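Values in this text are rule-based calculations from the coordinates and carry no lab data. Note that this is a predicted model, so its numbers are computed, not measured. Virtual Cβ from ideal backbone geometry, glycine too; neighbours counted across all protein chains shown.
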Amino acid sequence: MLARTFIVHPPNKRGMADLNDVQNYARKFQNQLAKVDEAPIDDRDREAIHDWVRHLDASGDRNQGTITSLLNRIRLSAERSDTPLVDMDRSDVDALLFDLKHDYDLGEGTRRNYRKALKQFHDWRGEDWVEDFTIGASPDRSVDPNDLLTDDEIQALLDAAGKPRDQALIAMLADTGLRIGALASLRIRDLDLAGQTTLISINEAANVKDASGTVPLTWSEGHLTGYLHVHPRRDVEDAPVFHKDAGYYDGGDDGALAYQYLARRVKEVADQAGVPREKANLHNFRHTAISNWIRDGLSEQAIKHRASWEIDSDMLETYAAVRDEEFNDQILDHYDLATSEDGEASRPELEACPRCSTALMGTERFCPSCAAPLSAGAADAVEGVEDRAFESMAAADTGDAELVAEFRERFQSDPGFRERVLGDHDDTTASSSSSSSSSES
């Protein structure tokens, strides 16, 4: 079967993820090849499509997701055209595009994808008319600053996440601007924790979009190191960083989590945090991160490096509104005219934990690494809980005292647990809090 010649990673069973293919492109690719074999199209088109896909696959300059998308569009073009692809001239292509717009009611962005596939296919076939055939400008994808996640919303997501793994995922999405495919395919050996700053190396075997080389972590580092303390296989170099919970891992696969699961999990956390779902879509984390780099004054070259854009890329134009906003703020600051509702800067400066020097986003109540309180109010709340814990230990029998001691140890070392205790149990006793902590998985 032709399809076998294209397998990069074995297709996954439904519900399972492959660390090097968390978006399951291998299975989607095989499905598209099977659809070509079954499609009601001219056999010459079928053969030409297979030959073209072999060429794309062998060239090595497109990832499997891109090839799958091109394959889908060229197959549908063959199905919907009155003229076989191999017999098409420019007027036949124009006729097809007319039908796609008026008979199939396809939007400009979708029709642009058809034009892209048709141009590449016919260019490969050596058609002269392709030189004058234009794909058209990309749809306007300008970033509206009002659609971005605020620092308070990111903090609310972190507070609602609960699990250290989910907190680390949300923090790294918002800090690094990496796409979910790049983060979900990270392995333990891709983390460099030895230096003063944590670096992550992109898993090149996963062939993810817009990601390569090494990427530094800033304020998300503490969330990652906190998660690694409870990671089910942190000593296994090829284990995924974002791993299935220990109770759901039986050793039958590599423990990776699928793209669809992670996207759904972020939406669930958004619901719990009261953050609109549309703002918690995974790509908006990337928009938010890049916008924050602009606001933080990173150079254009540094932003392009962190975003994995080419040096001559014009992608920053997408963020023109954010840059205008930042320039306006700088002008107002210069003339001492800048104001905000609370009289403070709209975005806190990056700070470090005074106890362990972990970088901070600026909105945390506790250090994500060592759990130190970061404000007077947080310190007072911690002192109150610990006082109640001491009182409970003094009054309890031996068994209960051990539970309270376990609670106190976790309260002191786990920032996520500390946040939940102070958020959910301000008026309860330390003893009742210890009982709830012992039942958590």
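Between the stretch 286-304 and the stretch 198-275, how far is it from one alpha carbon centroid to the other, in angstrom?
Spelled out, the Cα-based centre of one part sits 23 Å from the other.
When Rg is the radius of gyration of the Cα atoms in the stretch 2-132 and Rh is its Kirkwood radius, what does Rg/Rh come to?
0.98
Below 27 Å, Cα to Cα, which lysines can K119 reach? Residues fewer than 8 away in the same chain don't count.
The reachable lysines, counting only those whose Cα sits under 27 Å from K119, are K28, K35, K101, K209.
Note down the net charge around A239, summing +1 for each Lys or Arg and -1 for each Asp or Glu among other residues with Cβ under 12 Å from its Cβ.
Neighbour charge sum, excluding A239 itself: -1.
Return the ratio Rg/(2.2 N^0.38 Å) for the stretch 83-212, where Rg is computed over Cα atoms only.
Normalised Rg, Cα atoms only: 1.59.
How many angstrom separate the Cα center of the stretch 83-134 from the Cα center of the stretch 159-193?
40 Å
Figure the gain on full extension for D57 and D238 (residue separation times 0.36 nm, minus the Cα-Cα span) and round it to one decimal in nm.
62.5 nm
Figure the gain on full extension for R80 and D250 (residue separation times 0.36 nm, minus the Cα-Cα span) and round it to one decimal in nm.
56.5 nm
Calculate the FRET efficiency for S313 and E406 from the Cβ-Cβ distance with a Förster distance of 45 Å, rounded to the nearest 0.05.
On the way: r = 52 Å, r/R0 = 1.16.
Efficiency for this residue pair is about 0.30.
Could you compute the FRET efficiency for F98 and S142, with r as their C-beta to C-beta distance and R0 at 30 Å, rounded to 0.05? Display every interim value, and only then the final one.
Working: r = 29 Å, r/R0 = 0.95.
After rounding to 0.05, the efficiency reads 0.55.
What do the square roots of 5 times the Cα gyration tensor eigenvalues come to for the stretch 145-334, in whole Å, largest first, as semi-axes of the equivalent ellipsoid?
Values: eigenvalues 168, 76, 42 Å².
Computed over the stretch 145-334, the values are 29, 19, 15 Å.
At what distance in nm do the modelled label points of Y261 and T197 sit from each other, each positioned 7 Å from its Cα along Cα→Cβ?
A separation of 3.3 nm, rounded to one decimal place.
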